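Enquirer: For reference, the structure I am asking about is given below.
The values are calculated or read from the model by the stated rules, or taken from the named source; none is laboratory data. Remember, it's a predicted structure, so these values are computed and weren't measured experimentally. A quick note on method: Cβ atoms are made from the backbone with ideal geometry, for glycine too, and the neighbour counts reach across all protein chains shown. Only protein heavy atoms, including side chains, enter the accessible area calculation; ligands, DNA and RNA are left aside. Shrake-Rupley method; radii C 1.70, N 1.55, O 1.52, S 1.80 Å.
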Amino acid sequence: MKSYRKELWFETTKRRQLINITSDVEGCLAESKITEGLVLVNAMHITASVFINDDEGGLHNDFEVWLEGLAPEKPYDRYQHNGFEDNADAHLKRTIMGREAVVAVSGGRLDLGPWEQVFYGEFDGKRKKRVLVKIIGE
Amino acid sequence: MKSYRKELWFETTKRRQLINITSDVEGCLAESKITEGLVLVNAMHITASVFINDDEGGLHNDFEVWLEGLAPEKPYDRYQHNGFEDNADAHLKRTIMGREAVVAVSGGRLDLGPWEQVFYGEFDGKRKKRVLVKIIGE
Amino acid sequence: MKSYRKELWFETTKRRQLINITSDVEGCLAESKITEGLVLVNAMHITASVFINDDEGGLHNDFEVWLEGLAPEKPYDRYQHNGFEDNADAHLKRTIMGREAVVAVSGGRLDLGPWEQVFYGEFDGKRKKRVLVKIIGE
(Lines give C-alpha, C1' and ligand atoms only; values in the text may rest on other atoms or scores of the structure.)
Protein backbone atom coordinates (compact mmCIF):
# COMPACT_ATOMS: atom_id res chain seq x y z
CA MET A 1 0.00 0.00 0.00
CA LYS A 2 1.23 3.48 -0.89
CA SER A 3 0.29 6.63 0.94
CA TYR A 4 0.65 10.32 0.14
CA ARG A 5 0.11 13.49 2.16
CA LYS A 6 0.02 17.16 1.22
CA GLU A 7 -1.24 20.38 2.77
CA LEU A 8 -2.83 23.02 0.55
CA TRP A 9 -2.75 26.58 1.96
CA PHE A 10 -5.34 29.29 1.37
CA GLU A 11 -5.73 32.91 2.41
CA THR A 12 -8.99 34.37 1.16
CA THR A 13 -9.58 38.08 0.71
CA LYS A 14 -13.16 37.85 2.02
CA ARG A 15 -14.67 36.41 5.19
CA ARG A 16 -16.60 33.89 3.11
CA GLN A 17 -15.36 32.49 -0.19
CA LEU A 18 -15.63 29.30 -2.26
CA ILE A 19 -12.54 28.10 -4.15
CA ASN A 20 -12.50 25.31 -6.72
CA ILE A 21 -9.57 23.05 -5.71
CA THR A 22 -10.24 20.15 -8.11
CA SER A 23 -7.07 20.75 -10.11
CA ASP A 24 -4.99 21.02 -6.92
CA VAL A 25 -6.28 17.61 -5.82
CA GLU A 26 -5.62 16.20 -9.30
CA GLY A 27 -2.06 17.52 -9.01
CA CYS A 28 -1.63 15.69 -5.71
CA LEU A 29 -2.94 12.48 -7.25
CA ALA A 30 -0.46 12.74 -10.15
CA GLU A 31 2.41 13.30 -7.67
CA SER A 32 1.33 10.30 -5.57
CA LYS A 33 1.57 7.80 -8.47
CA ILE A 34 -1.41 6.03 -6.90
CA THR A 35 -3.83 4.62 -9.49
CA GLU A 36 -6.38 2.72 -7.35
CA GLY A 37 -7.51 3.83 -3.92
CA LEU A 38 -9.19 6.61 -1.98
CA VAL A 39 -8.47 10.33 -1.56
CA LEU A 40 -9.49 12.11 1.62
CA VAL A 41 -9.68 15.91 1.28
CA ASN A 42 -10.52 17.72 4.53
CA ALA A 43 -10.41 21.18 6.00
CA MET A 44 -7.90 21.23 8.87
CA HIS A 45 -9.80 24.15 10.45
CA ILE A 46 -13.21 23.99 12.05
CA THR A 47 -14.63 27.11 10.39
CA ALA A 48 -13.98 25.88 6.86
CA SER A 49 -15.29 23.11 4.66
CA VAL A 50 -14.36 20.79 1.82
CA PHE A 51 -17.38 19.81 -0.25
CA ILE A 52 -18.34 18.68 -3.73
CA ASN A 53 -20.86 20.53 -5.86
CA ASP A 54 -21.28 22.54 -9.06
CA ASP A 55 -18.93 25.34 -10.21
CA GLU A 56 -21.72 27.78 -11.04
CA GLY A 57 -21.73 31.37 -9.79
CA GLY A 58 -25.49 31.64 -9.32
CA LEU A 59 -25.49 28.54 -7.14
CA HIS A 60 -22.58 29.87 -5.09
CA ASN A 61 -24.59 33.02 -4.44
CA ASP A 62 -27.55 30.83 -3.43
CA PHE A 63 -25.30 29.00 -0.94
CA GLU A 64 -24.24 32.34 0.58
CA VAL A 65 -27.83 33.56 1.02
CA TRP A 66 -29.08 30.17 2.24
CA LEU A 67 -26.30 29.70 4.83
CA GLU A 68 -26.79 33.23 6.13
CA GLY A 69 -30.46 32.36 6.59
CA LEU A 70 -29.72 29.13 8.47
CA ALA A 71 -26.83 30.49 10.58
CA PRO A 72 -26.62 34.29 10.43
CA GLU A 73 -23.28 35.98 11.09
CA LYS A 74 -24.86 38.82 13.12
CA PRO A 75 -25.70 40.01 15.67
CA TYR A 76 -22.53 38.48 17.09
CA ASP A 77 -23.98 38.24 20.59
CA ARG A 78 -26.66 35.78 19.49
CA TYR A 79 -24.01 33.06 19.97
CA GLN A 80 -22.39 32.09 23.29
CA HIS A 81 -19.18 31.15 21.45
CA ASN A 82 -18.67 34.80 20.50
CA GLY A 83 -16.93 36.01 23.66
CA PHE A 84 -13.39 36.55 22.38
CA GLU A 85 -14.30 35.51 18.82
CA ASP A 86 -16.98 36.46 16.29
CA ASN A 87 -17.03 33.29 14.20
CA ALA A 88 -19.67 31.00 15.76
CA ASP A 89 -21.70 31.28 12.55
CA ALA A 90 -18.70 29.92 10.61
CA HIS A 91 -18.64 26.78 12.80
CA LEU A 92 -22.33 26.23 12.03
CA LYS A 93 -22.06 27.01 8.31
CA ARG A 94 -19.18 24.58 7.94
CA THR A 95 -21.25 21.91 9.71
CA ILE A 96 -23.95 22.25 7.02
CA MET A 97 -21.39 22.14 4.19
CA GLY A 98 -19.28 19.31 5.68
CA ARG A 99 -15.65 18.91 6.76
CA GLU A 100 -14.44 16.45 4.18
CA ALA A 101 -14.91 14.69 0.87
CA VAL A 102 -13.75 11.16 0.12
CA VAL A 103 -13.21 10.52 -3.59
CA ALA A 104 -12.42 7.25 -5.35
CA VAL A 105 -9.24 6.91 -7.42
CA SER A 106 -9.77 4.67 -10.46
CA GLY A 107 -7.34 4.16 -13.32
CA GLY A 108 -5.13 6.95 -12.02
CA ARG A 109 -7.91 9.57 -12.06
CA LEU A 110 -10.26 11.22 -9.58
CA ASP A 111 -13.43 9.19 -10.11
CA LEU A 112 -15.86 12.13 -10.20
CA GLY A 113 -19.26 12.43 -11.89
CA PRO A 114 -19.71 14.81 -14.85
CA TRP A 115 -20.36 17.98 -12.81
CA GLU A 116 -18.63 17.11 -9.54
CA GLN A 117 -16.02 19.67 -8.53
CA VAL A 118 -14.15 19.81 -5.21
CA PHE A 119 -14.39 23.10 -3.27
CA TYR A 120 -12.73 24.72 -0.33
CA GLY A 121 -15.43 26.61 1.55
CA GLU A 122 -14.06 29.40 3.73
CA PHE A 123 -16.43 30.91 6.32
CA ASP A 124 -13.96 32.85 8.49
CA GLY A 125 -11.17 33.86 6.18
CA LYS A 126 -8.61 36.63 5.64
CA ARG A 127 -5.93 34.46 7.28
CA LYS A 128 -3.85 31.44 6.32
CA LYS A 129 -5.67 28.14 6.61
CA ARG A 130 -5.04 24.60 5.40
CA VAL A 131 -6.62 21.66 3.61
CA LEU A 132 -5.20 18.13 3.97
CA VAL A 133 -5.02 15.77 0.99
CA LYS A 134 -4.34 12.17 2.00
CA ILE A 135 -4.27 9.40 -0.59
CA ILE A 136 -3.96 5.68 0.07
CA GLY A 137 -3.91 2.87 -2.45
CA GLU A 138 -1.48 1.43 -4.93
CA MET B 1 -4.52 -4.37 -1.76
CA LYS B 2 -7.58 -5.16 -3.84
CA SER B 3 -9.93 -2.60 -5.30
CA TYR B 4 -13.39 -2.81 -6.84
CA ARG B 5 -15.56 -0.30 -8.70
CA LYS B 6 -19.16 -0.39 -9.83
CA GLU B 7 -21.77 2.16 -10.94
CA LEU B 8 -25.38 1.73 -9.86
CA TRP B 9 -27.95 3.46 -12.11
CA PHE B 10 -31.27 4.90 -11.01
CA GLU B 11 -34.18 6.60 -12.77
CA THR B 12 -36.83 7.67 -10.30
CA THR B 13 -40.45 8.29 -11.27
CA LYS B 14 -40.71 11.32 -8.96
CA ARG B 15 -38.63 14.48 -8.58
CA ARG B 16 -37.75 13.46 -5.03
CA GLN B 17 -37.45 9.84 -3.90
CA LEU B 18 -35.48 7.78 -1.37
CA ILE B 19 -34.31 4.30 -2.41
CA ASN B 20 -32.82 1.70 -0.06
CA ILE B 21 -29.64 0.48 -1.80
CA THR B 22 -28.19 -1.59 1.05
CA SER B 23 -28.63 -4.90 -0.77
CA ASP B 24 -27.07 -3.45 -3.95
CA VAL B 25 -23.99 -2.43 -1.95
CA GLU B 26 -23.90 -5.86 -0.29
CA GLY B 27 -23.99 -7.41 -3.76
CA CYS B 28 -20.98 -5.29 -4.78
CA LEU B 29 -19.11 -6.37 -1.67
CA ALA B 30 -19.77 -10.06 -2.41
CA GLU B 31 -18.54 -9.58 -5.99
CA SER B 32 -15.39 -7.80 -4.80
CA LYS B 33 -14.21 -10.72 -2.59
CA ILE B 34 -12.86 -8.09 -0.20
CA THR B 35 -13.27 -9.04 3.47
CA GLU B 36 -11.48 -6.22 5.32
CA GLY B 37 -11.46 -2.61 4.18
CA LEU B 38 -13.63 0.39 3.40
CA VAL B 39 -16.54 0.97 1.03
CA LEU B 40 -17.18 4.43 -0.39
CA VAL B 41 -20.70 4.93 -1.75
CA ASN B 42 -21.29 8.35 -3.35
CA ALA B 43 -23.74 10.09 -5.60
CA MET B 44 -22.00 11.00 -8.87
CA HIS B 45 -24.49 13.84 -9.37
CA ILE B 46 -24.68 17.05 -7.38
CA THR B 47 -28.44 17.05 -6.89
CA ALA B 48 -28.54 13.61 -5.26
CA SER B 49 -27.28 12.10 -2.04
CA VAL B 50 -26.08 8.87 -0.47
CA PHE B 51 -26.84 8.72 3.24
CA ILE B 52 -27.44 6.25 6.05
CA ASN B 53 -30.58 6.28 8.15
CA ASP B 54 -33.70 4.28 9.03
CA ASP B 55 -35.95 2.52 6.49
CA GLU B 56 -39.19 3.85 7.97
CA GLY B 57 -41.88 5.49 5.84
CA GLY B 58 -42.97 8.04 8.43
CA LEU B 59 -39.40 9.26 8.81
CA HIS B 60 -38.98 9.52 5.04
CA ASN B 61 -42.06 11.72 4.94
CA ASP B 62 -40.56 13.81 7.75
CA PHE B 63 -37.37 14.23 5.69
CA GLU B 64 -39.44 15.46 2.72
CA VAL B 65 -41.34 18.05 4.79
CA TRP B 66 -38.22 19.14 6.68
CA LEU B 67 -36.05 19.59 3.57
CA GLU B 68 -38.82 21.53 1.82
CA GLY B 69 -38.87 23.81 4.87
CA LEU B 70 -35.10 24.35 4.86
CA ALA B 71 -34.69 24.68 1.07
CA PRO B 72 -38.06 25.10 -0.70
CA GLU B 73 -38.37 24.06 -4.33
CA LYS B 74 -40.53 27.07 -5.27
CA PRO B 75 -40.83 29.82 -6.27
CA TYR B 76 -38.07 28.89 -8.71
CA ASP B 77 -36.91 32.49 -9.06
CA ARG B 78 -35.90 32.69 -5.40
CA TYR B 79 -32.59 31.11 -6.48
CA GLN B 80 -30.01 32.71 -8.82
CA HIS B 81 -29.02 29.25 -10.08
CA ASN B 82 -32.47 28.84 -11.64
CA GLY B 83 -31.84 30.63 -14.93
CA PHE B 84 -31.84 27.71 -17.35
CA GLU B 85 -32.55 25.15 -14.61
CA ASP B 86 -35.08 24.78 -11.80
CA ASN B 87 -33.08 22.55 -9.44
CA ALA B 88 -31.21 24.91 -7.07
CA ASP B 89 -33.24 23.50 -4.18
CA ALA B 90 -31.96 20.01 -5.04
CA HIS B 91 -28.34 21.20 -4.71
CA LEU B 92 -29.15 22.56 -1.23
CA LYS B 93 -31.19 19.54 -0.11
CA ARG B 94 -28.40 17.18 -1.13
CA THR B 95 -25.94 19.31 0.86
CA ILE B 96 -28.00 18.72 4.02
CA MET B 97 -28.29 14.98 3.35
CA GLY B 98 -24.66 14.49 2.28
CA ARG B 99 -22.91 13.25 -0.87
CA GLU B 100 -21.38 10.05 0.43
CA ALA B 101 -21.21 7.34 3.05
CA VAL B 102 -18.07 5.45 4.04
CA VAL B 103 -18.78 2.04 5.57
CA ALA B 104 -16.36 -0.41 7.16
CA VAL B 105 -15.98 -3.93 5.75
CA SER B 106 -15.31 -6.47 8.52
CA GLY B 107 -15.30 -10.24 8.14
CA GLY B 108 -16.66 -9.96 4.60
CA ARG B 109 -19.74 -7.97 5.63
CA LEU B 110 -20.89 -4.34 5.65
CA ASP B 111 -20.17 -3.33 9.23
CA LEU B 112 -23.46 -1.52 9.90
CA GLY B 113 -25.30 -0.92 13.16
CA PRO B 114 -28.65 -2.63 13.80
CA TRP B 115 -30.85 -0.06 12.00
CA GLU B 116 -28.36 1.44 9.58
CA GLN B 117 -29.52 1.25 5.95
CA VAL B 118 -27.85 2.90 2.95
CA PHE B 119 -30.07 5.17 0.83
CA TYR B 120 -29.91 6.90 -2.49
CA GLY B 121 -31.61 10.27 -2.06
CA GLU B 122 -32.85 11.73 -5.32
CA PHE B 123 -33.84 15.42 -5.30
CA ASP B 124 -34.05 16.13 -9.05
CA GLY B 125 -35.06 12.86 -10.63
CA LYS B 126 -37.01 11.48 -13.59
CA ARG B 127 -33.73 10.91 -15.46
CA LYS B 128 -30.86 8.44 -15.34
CA LYS B 129 -28.34 9.12 -12.61
CA ARG B 130 -25.51 7.17 -11.01
CA VAL B 131 -24.03 6.09 -7.69
CA LEU B 132 -20.40 4.97 -7.41
CA VAL B 133 -19.41 2.05 -5.19
CA LYS B 134 -15.66 1.84 -4.59
CA ILE B 135 -14.21 -0.78 -2.27
CA ILE B 136 -10.58 -1.07 -1.18
CA GLY B 137 -9.06 -3.64 1.14
CA GLU B 138 -8.09 -7.27 0.98
CA MET C 1 -2.59 -3.99 4.46
CA LYS C 2 -3.52 -4.08 8.13
CA SER C 3 -6.97 -3.49 9.50
CA TYR C 4 -8.33 -2.82 12.97
CA ARG C 5 -11.85 -2.65 14.40
CA LYS C 6 -13.19 -1.54 17.76
CA GLU C 7 -16.57 -0.53 19.17
CA LEU C 8 -16.77 2.30 21.70
CA TRP C 9 -19.85 2.23 23.96
CA PHE C 10 -21.62 5.25 25.43
CA GLU C 11 -24.59 5.77 27.72
CA THR C 12 -25.33 9.44 28.22
CA THR C 13 -27.24 10.81 31.20
CA LYS C 14 -29.09 13.35 29.04
CA ARG C 15 -31.18 13.03 25.87
CA ARG C 16 -28.66 15.23 24.05
CA GLN C 17 -24.95 15.34 24.86
CA LEU C 18 -21.62 15.92 23.11
CA ILE C 19 -18.63 13.81 24.19
CA ASN C 20 -15.03 14.42 23.10
CA ILE C 21 -13.76 11.00 21.95
CA THR C 22 -10.44 12.11 20.44
CA SER C 23 -8.34 10.30 23.04
CA ASP C 24 -10.41 7.12 22.61
CA VAL C 25 -9.70 7.18 18.87
CA GLU C 26 -6.01 7.87 19.56
CA GLY C 27 -6.01 4.82 21.87
CA CYS C 28 -7.43 2.68 19.06
CA LEU C 29 -4.78 3.95 16.67
CA ALA C 30 -1.99 3.08 19.13
CA GLU C 31 -3.44 -0.44 19.57
CA SER C 32 -3.70 -0.92 15.80
CA LYS C 33 0.04 -0.32 15.16
CA ILE C 34 -1.00 1.33 11.88
CA THR C 35 1.14 4.34 10.98
CA GLU C 36 -0.13 5.33 7.52
CA GLY C 37 -3.76 5.02 6.43
CA LEU C 38 -7.29 6.16 7.17
CA VAL C 39 -9.51 5.98 10.25
CA LEU C 40 -13.27 5.80 9.86
CA VAL C 41 -15.20 6.77 13.00
CA ASN C 42 -18.98 6.41 12.69
CA ALA C 43 -22.06 6.28 14.85
CA MET C 44 -23.63 2.82 14.56
CA HIS C 45 -27.02 4.32 15.49
CA ILE C 46 -29.13 6.59 13.32
CA THR C 47 -29.98 9.11 16.04
CA ALA C 48 -26.35 9.89 16.89
CA SER C 49 -23.44 11.51 15.14
CA VAL C 50 -19.67 11.54 14.90
CA PHE C 51 -18.31 14.93 13.89
CA ILE C 52 -15.24 17.10 14.17
CA ASN C 53 -15.32 20.57 15.67
CA ASP C 54 -14.06 22.70 18.56
CA ASP C 55 -14.11 21.62 22.23
CA GLU C 56 -15.59 24.87 23.51
CA GLY C 57 -18.60 24.95 25.83
CA GLY C 58 -20.15 28.11 24.41
CA LEU C 59 -20.10 26.62 20.92
CA HIS C 60 -21.66 23.38 22.18
CA ASN C 61 -24.48 25.42 23.66
CA ASP C 62 -24.85 27.22 20.32
CA PHE C 63 -25.12 23.82 18.58
CA GLU C 64 -27.92 22.81 20.99
CA VAL C 65 -29.92 25.99 20.40
CA TRP C 66 -29.32 25.95 16.65
CA LEU C 67 -30.29 22.30 16.17
CA GLU C 68 -33.45 22.78 18.26
CA GLY C 69 -34.31 25.68 15.94
CA LEU C 70 -33.75 23.63 12.76
CA ALA C 71 -35.38 20.39 14.00
CA PRO C 72 -37.35 20.93 17.23
CA GLU C 73 -37.89 17.99 19.58
CA LYS C 74 -41.51 18.99 20.35
CA PRO C 75 -44.40 18.83 19.84
CA TYR C 76 -43.75 15.14 19.19
CA ASP C 77 -46.75 14.84 16.86
CA ARG C 78 -45.25 17.25 14.35
CA TYR C 79 -43.36 14.24 12.94
CA GLN C 80 -44.96 11.18 11.28
CA HIS C 81 -42.12 8.99 12.58
CA ASN C 82 -43.30 9.60 16.14
CA GLY C 83 -45.97 6.89 16.36
CA PHE C 84 -44.30 4.44 18.71
CA GLU C 85 -41.20 6.61 19.15
CA ASP C 86 -40.48 10.24 20.03
CA ASN C 87 -37.09 10.65 18.39
CA ALA C 88 -37.74 11.90 14.84
CA ASP C 89 -35.94 15.14 15.75
CA ALA C 90 -32.84 13.11 16.66
CA HIS C 91 -32.77 11.55 13.16
CA LEU C 92 -32.85 15.05 11.65
CA LYS C 93 -30.32 16.57 14.05
CA ARG C 94 -27.89 13.76 13.36
CA THR C 95 -28.33 14.36 9.62
CA ILE C 96 -27.16 17.97 10.07
CA MET C 97 -24.19 16.93 12.24
CA GLY C 98 -23.18 13.93 10.09
CA ARG C 99 -22.81 10.18 10.68
CA GLU C 100 -19.07 9.82 10.33
CA ALA C 101 -15.63 11.36 10.21
CA VAL C 102 -12.73 10.06 8.13
CA VAL C 103 -9.33 11.09 9.49
CA ALA C 104 -5.91 10.57 7.95
CA VAL C 105 -3.24 8.62 9.82
CA SER C 106 0.25 10.01 9.18
CA GLY C 107 3.44 9.03 10.98
CA GLY C 108 1.45 7.00 13.51
CA ARG C 109 -0.75 9.94 14.56
CA LEU C 110 -4.25 11.22 13.88
CA ASP C 111 -3.57 13.89 11.27
CA LEU C 112 -5.82 16.60 12.74
CA GLY C 113 -5.59 20.37 12.44
CA PRO C 114 -4.77 22.50 15.51
CA TRP C 115 -8.31 22.74 16.91
CA GLU C 116 -9.89 19.63 15.41
CA GLN C 117 -11.42 17.33 18.02
CA VAL C 118 -13.57 14.25 17.35
CA PHE C 119 -16.99 14.19 19.05
CA TYR C 120 -19.75 11.72 19.66
CA GLY C 121 -23.03 13.60 19.32
CA GLU C 122 -25.93 11.93 21.10
CA PHE C 123 -29.44 13.15 20.25
CA ASP C 124 -31.54 10.36 21.78
CA GLY C 125 -29.54 9.08 24.72
CA LYS C 126 -29.98 7.55 28.17
CA ARG C 127 -29.30 4.10 26.71
CA LYS C 128 -26.28 2.16 25.50
CA LYS C 129 -25.15 3.06 22.00
CA ARG C 130 -22.05 2.41 19.94
CA VAL C 131 -19.42 4.06 17.76
CA LEU C 132 -17.33 2.05 15.30
CA VAL C 133 -13.63 2.77 14.81
CA LYS C 134 -12.19 1.10 11.71
CA ILE C 135 -8.60 1.69 10.67
CA ILE C 136 -6.93 0.48 7.49
CA GLY C 137 -3.36 1.03 6.38
CA GLU C 138 0.05 -0.29 7.27
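Enquirer: 7 Å from Cα along Cα→Cβ at both C:Val65 and A:Trp115: what's the point-to-point distance in nm?
Expert: With each label placed 7 Å out from Cα toward Cβ, I get 3.7 nm.
Enquirer: For chain B, give the magnitude of the charge dipole about the Cα centre (Cβ charges: +1 Lys/Arg, -1 Asp/Glu; no others), in debye to the nearest 20. Numbers along the way, then the final one.
Expert: On the way: 19 positive and 23 negative charges, 115 e Å.
Using only the charged Cβ atoms, the result is roughly 560 debye.
Enquirer: Highest GNM mean-square fluctuation, chain A, Cα pairs closer than 10 Å: which of A:Glu36, A:Glu64, A:Glu85?
Expert: Top of the fluctuation ranking is A:Glu85.
Enquirer: Moving on. Hey, got the average number of other protein chain Cβ atoms within 10 angstrom for residues in B:75-88? The partial results should precede the final answer.
Expert: Numbers: counts 0, 0, 0, 3, 6, 9, 9, 3, 2, 1, 4, 0, 2, 8.
That works out to 3 on average.
Enquirer: Still on this model: In a Gaussian network model over chain C where Cα atoms closer than 10 Å are linked, find which of C:Leu92, C:Leu59, C:Leu18 has the largest mean-square fluctuation.
Expert: C:Leu59
Enquirer: What is the magnitude of the charge dipole of region B:1-43 about its Cα centre, with +1 placed on the Cβ of each Lys and Arg, -1 on the Cβ of each Asp and Glu, and no other charges, expressed in debye to the nearest 20? Spell out each step's value before the answer.
Expert: Details: 7 positive and 6 negative charges, 41 e Å.
Roughly 200 debye, rounded to the nearest 20.
Enquirer: Taking each residue of A:104-110 in turn, how many C-beta atoms of other protein chains fall within 10 Å of its C-beta, and what is the average?
Expert: Details: counts 11, 4, 5, 1, 0, 0, 0.
Per-residue shielding by partner chains comes out at 3.
Enquirer: How much accessible area per residue does chain B have, in Å², with a 1.4 Å probe?
Expert: Working: 5320 Å² over 138 residues.
Spelled out: the 1.4 Å probe surface of chain B, per residue, equals 39 Å².
Enquirer: Which of the listed residues, C:Asn20, C:His45, C:Leu59, is farthest toward the dipole's positive end in chain C, when Lys, Arg count +1 and Asp, Glu count -1 at the beta-carbon?
Expert: C:His45
Enquirer: Next question, about the same structure. Any idea how far the Cα center of region B:59-93 sits from the one of region C:36-74, in Å?
Expert: Region B:59-93 and region C:36-74 have Cα centres spaced 24 Å from each other.
Enquirer: Right, here's the next one. Using a 10 angstrom Cβ neighbour count of at most 10 plus a DSSP loop assignment to flag exposed trypsin sites (Lys or Arg not before Pro), which longest range of chain A is free of such sites?
Expert: Working: sites that count: A:Lys14, A:Arg127, A:Lys128.
For trypsin sites (Lys or Arg not before Pro) (loop position, at most 10 other Cβ atoms within 10 Å), the longest site-free span of chain A is A:15-126.
Enquirer: For chain B, set up a GNM with springs between Cα atoms under 10 Å and report which of B:Val65, B:Val25, B:Val41 has the largest fluctuation.
Expert: B:Val65
Enquirer: Run the paramagnetic zone check for C:Asp55: 7 angstrom along Cα to Cβ, then residues of region C:12-33 with backbone nitrogen under 14 Å.
Expert: So the set is C:18-27.
Enquirer: Report the longest stretch of chain B that contains none of the chymotrypsin sites (Phe, Trp or Tyr not before Pro) sitting in a DSSP loop with at most 16 other Cβ atoms within 10 Å. Kindly include the intermediate steps, with their values, before the conclusion.
Expert: Details: sites that count: B:Phe84, B:Trp115.
Counting only loop sites that pass the neighbour cut-off, the longest clear stretch is B:1-83.
Enquirer: HN-Hα J couplings of region B:47-60 from phi, Karplus 6.51/-1.76/1.60, θ = phi - 60°, integer Hz, Gly and Pro as x?
Expert: Calculated HN-Hα couplings, in order: 10, 9, 9, 10, 8, 10, 7, 8, 8, 9, x, x, 5, 5 Hz.
Enquirer: While we're here: About its Cα centre, what dipole magnitude does the protein assembly as shown give when the only charges are +1 on Lys and Arg Cβ and -1 on Asp and Glu Cβ, stated in debye to the nearest 20? Could you put the intermediate results ahead of the total?
Expert: Numbers: 57 positive and 69 negative charges, 153 e Å.
Dipole of the protein assembly as shown, to the nearest 20 debye: 740 debye.
Enquirer: Starting at the first residue of region A:74-90, write each ³J(HN,Hα) from the Karplus equation 6.51 cos²θ - 1.76 cosθ + 1.60 with θ = phi - 60°, in whole Hz, x for Gly and Pro.
Expert: Result, rounded to whole Hz: 10, x, 4, 7, 6, 10, 5, 4, 7, x, 8, 10, 10, 10, 4, 4, 5.
Enquirer: Could you order A:Ser49, B:Ser3 so the one with the most accessible surface comes first? Probe is 1.4 Å.
Expert: Per-residue accessible area, sorted high to low, gives B:Ser3, A:Ser49.
Enquirer: Go through region A:15-29 residue by residue and turn each phi into a ³J(HN,Hα) via Karplus (6.51, -1.76, 1.60, θ = phi - 60°); whole Hz please, and just put x for glycine and proline.
Expert: Once rounded to whole Hz, the list reads 4, 10, 7, 10, 10, 6, 10, 4, 6, 4, 5, 4, x, 4, 4.
Enquirer: First measure r as the distance between the Cβ atoms of B:Ala30 and A:Glu26, then evaluate 1/(1 + (r/R0)^6) with R0 = 35 Å and state the FRET efficiency to the nearest 0.05. Walk me through the intermediate numbers first.
Expert: Numbers: r = 32 Å, r/R0 = 0.92.
Once rounded, the FRET efficiency stands at 0.60.
Enquirer: Let me ask another. What pairs in A:Lys134/B:Lys74; A:Lys129/B:Lys93; A:Lys74/C:Lys93; A:Lys126/B:Lys134 have C-alpha atoms more than 31 Å from each other? Write down the numbers at each step before the final one.
Expert: Values: A:Lys134/B:Lys74 40 Å; A:Lys129/B:Lys93 28 Å; A:Lys74/C:Lys93 23 Å; A:Lys126/B:Lys134 37 Å.
Listed pairs above 31 Å: A:Lys134/B:Lys74; A:Lys126/B:Lys134.
Enquirer: Treat the protein assembly as shown as a sphere of radius equal to its Kirkwood radius over Cα pairs and apply Stokes-Einstein at 10 °C in a medium of 1.306 mPa s; give the translational diffusion coefficient in µm²/s, rounded to a whole number. List each step's numbers first, then the result.
Expert: Details: Rh = 21.3 Å.
Approximately 75 µm²/s, per Stokes-Einstein.
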